[in-house]
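Data block below; observations after.
Every number here is computed from the coordinates shown, using simple stated rules; none is lab data. Given the structure is predicted, the values throughout are model-derived calculations rather than measurements. Virtual Cβ from ideal backbone geometry, glycine too; neighbours counted across all protein chains shown.
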Amino acid sequence: MVLSMDRWVGKVAVVTGASSGIGAAIAEALAKEGLQVAALARRKNRLEDLAQRLSNQKGEIFPIQVDVSKETDILSAFTWIKNNLGPIYILINNAGISPPSSGILDGQVDSWEMLYKVNVLGLCICTREAIKDMKENKVNGHIVHVNSVVGQQVVKLPHMNLYPSSKFAVTALAETLRLELMNQGSKIKITSVSPGLTDTEFLNSPEFKKVIKGNKILEPQNIADAVVYILSTPPHVQVQELIVRAVN
């Protein structure tokens, strides 16, 4: 199998949660491969810093301030992309949160709602808008959901036990979308990438610090490399699910 990113050079990729961690690493990797990257996140100053740092690359970063828990923000961003950059070829659904008080026994409803608004509903809205644009422009694009190993197997995460449920939803959404696109005869591909523990701001919580103690963890660049591999496969090859873990 010949791996190549050539068909994506100059094309538009949308990356959510691109201000830090895995999202920033993916945005950087795609810009280096020559793509026009619409980088979406709440912290626009970080996006602008990323764009400045990568200004000499083959591709380009376009910072767009977006809160993916708000449909109006997402719709405005996709309208701007359509009007200023062109058709969307790739969507990387990376934005995700695990707010405090997201446990079932003692959690707060507003935290639960925000968890699902970002991790599930925001992902669905971005996917809907990207596929709508791909179909309008007859683009055989690629959707990548950045999932998690806890979307494959429940692990003990006290006070964060709603988070795995949101990632199990992402696993189901990727597969149901794959089947729906296949039934429509669409060539748009969908992949779920499930990282293990990765060195991001996500691990700053006390609960995660307990989990990672003594364990090797992945770097964001490892997941960006996995995404580039997925996108590099030939048009007839679909990597349905990719789990990436560190070796201890």
- Item | Difference of contour (0.36 nm per residue) and Cα-Cα distance, residue 199 to residue 187 | 0.9 nm
- Near the amide H of residue 194, under 5 Å away, which other amide H atoms are found, from residues 5 or more places off or on another chain, if H is placed in the peptide plane? 147, 242, 243, 244
- Shape call for segment 90-196 from the C-alpha gyration tensor, a ≥ b ≥ c root eigenvalues: rounded (a/c under 1.5), prolate (a/b greater than b/c) or oblate? prolate
- Task: Round to the nearest 0.05 the FRET efficiency obtained for residue 6 and residue 221 when R0 = 22 Å and r is the Cβ-Cβ distance.
- Result: 0.50
- Query: Long-range amide H contacts for residue 62: which residues qualify at under 5 Å (H placed 1.01 Å from N, peptide plane, sequence gap of 5 or more or a different chain)?
  - Reply: 37, 38, 39
- Pull out a ≥ b ≥ c, the square roots of the eigenvalues of the alpha-carbon gyration tensor of the chain, then state rounded if a/c is under 1.5, prolate if not and a/b is larger than b/c, and oblate in the remaining case. rounded
- Which whole-Hz ³J(HN,Hα) couplings does segment 223-238 yield from phi under the Karplus relation 6.51 cos²θ - 1.76 cosθ + 1.60, θ = phi - 60°, glycine and proline marked x? 6, 4, 4, 5, 5, 4, 4, 4, 6, 7, 5, x, x, 8, 9, 10
- Item | Cα centroid separation - segment 182-198 against segment 65-87, whole Å | 22
- Query: Applying the Karplus parametrisation 6.51 cos²θ - 1.76 cosθ + 1.60 with θ = phi - 60° to the phi angles of segment 183-191, what ³J(HN,Hα) value in whole Hz is obtained for each residue in order, glycine and proline being reported as x?
  - Reply: 5, 7, x, 7, 9, 5, 9, 9, 9
- Query: Going by a ≥ b ≥ c, the root eigenvalues of the Cα gyration tensor, does segment 40-144 fall in the rounded group (a/c under 1.5), the prolate group (a/b larger than b/c) or the oblate group?
  - Reply: oblate
- Can you tell me which of 170-181, 186-197 comes out highest on packing, and rank the rest after it, using the mean Cβ neighbours within 10 Å? 186-197, 170-181
- Message: Show me, for segment 26-36, the HN-Hα J-couplings you get by feeding each phi into the Karplus relation (A = 6.51, B = -1.76, C = 1.60, θ = phi - 60°), rounded to Hz, glycine and proline as x.
- Response: 5, 4, 5, 4, 5, 4, 5, 7, x, 8, 8
